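Everything below concerns the one structure shown next.
The values are calculated or read from the model by the stated rules, or taken from the named source; none is laboratory data. Values in this document were obtained by computation on a predicted structure and should not be read as measured data. Quick reminder, even Gly has a Cβ in these numbers, built from the backbone with ideal geometry, and neighbours come from all protein chains shown. Each accessible area value is taken on the protein alone, full model and side chains, heavy atoms only, with ligands, DNA and RNA left out. Shrake-Rupley method; radii C 1.70, N 1.55, O 1.52, S 1.80 Å.
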Amino acid sequence: MKFLTALAAAALATTTSAFAPAPSQVHSTNRLADLQTNHAIATGTATATRSPTSLCDMLTQTELPQKLYFEKTDREPAKVLGGIKIGNRKLTVVTGASSGLGLNCAATLAKTGRHFVVMAVRDVEKGKRVAKEFGMPEGSYVVMKLELGSLQSVRDFVFNLKAFKSNRGLDNLICNAAVYKPTDPEPAWTDDGFEQSMGINHFG
């Protein structure tokens, strides 16, 4: 048995040495690699390479930006007795109603007298200001906090909307709020770790 083991080890060593490059070949190969590297550096064609491990480390160590919504400080107290304010009008929610198309839509609906508008906005104070600037009649709207970049903010908004409208149904939901950043060199993220175009425009 010992004889067979020794014979197998000798055969393995002989086979390995037969296929191993000669010292001169190793030196020649290393020299060629060095010349290619020096040429790439000199001509500016050298490219940095990352191992799979370093790429994984880079991705896992990426830090998300500052949060968009803080539940303890940004959560808005629920408004109640909305049914009395709404009356017989249709209840309509417009997201992104503090500027642009959303604001014009909210103002137009409010002025018809047939809709009570919930302006769902990031900045409540700005929403109140622009509503007055656009001449939205008193008692035709309410401004509520909604940050679509945070699913916690979405949940808080839904809670507040239910408290406001009580048992009344929602007649219209106009999903106007969105982001569009095709030229940004770096992606932006929601509080929940989604890319903002997906997180705000679809998940929120």
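So here's what we get for this one:
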read-out	value
Residues (assigned to a helix (DSSP H, G or I), free of Cβ contacts under 8 Å to residues at least 24 places away in the same chain and open to solvent by 80 Å² or more (accessible area, probe 1.4 Å)) located in region 154-180	Arg155, Lys162
Which listed residue, of Thr190, Thr183, is among the β-branched types (Val, Ile, Thr), open to solvent by less than 70 Å² (accessible area, probe 1.4 Å) and more than 23 Å from Ala78 (Cβ to Cβ)	Thr190
Matching residues in region 115-144 - criterion: being under 19 Å from the mean Cα position of the chain (by Cα) and open to solvent by 10 Å² or more (accessible area, probe 1.4 Å)	Arg122
Which listed residue is surrounded by 22 or more Cβ atoms within 10 Å (Cβ to Cβ) and modelled with pLDDT under 95, from Gly149, Gly204, Gly87	Gly204
Pair list, Cβ < 6 Å and 6+ apart or interchain, from region 73-86 residues that are within 20 Å of Leu170 (Cα to Cα) to residues that are modelled with pLDDT of 85 or more and part of a helix (DSSP H, G or I)	Ala78/Asn160; Ala78/Ala163; Lys79/Phe164; Val80/Ala163; Gly82/Phe164; Gly82/Lys165
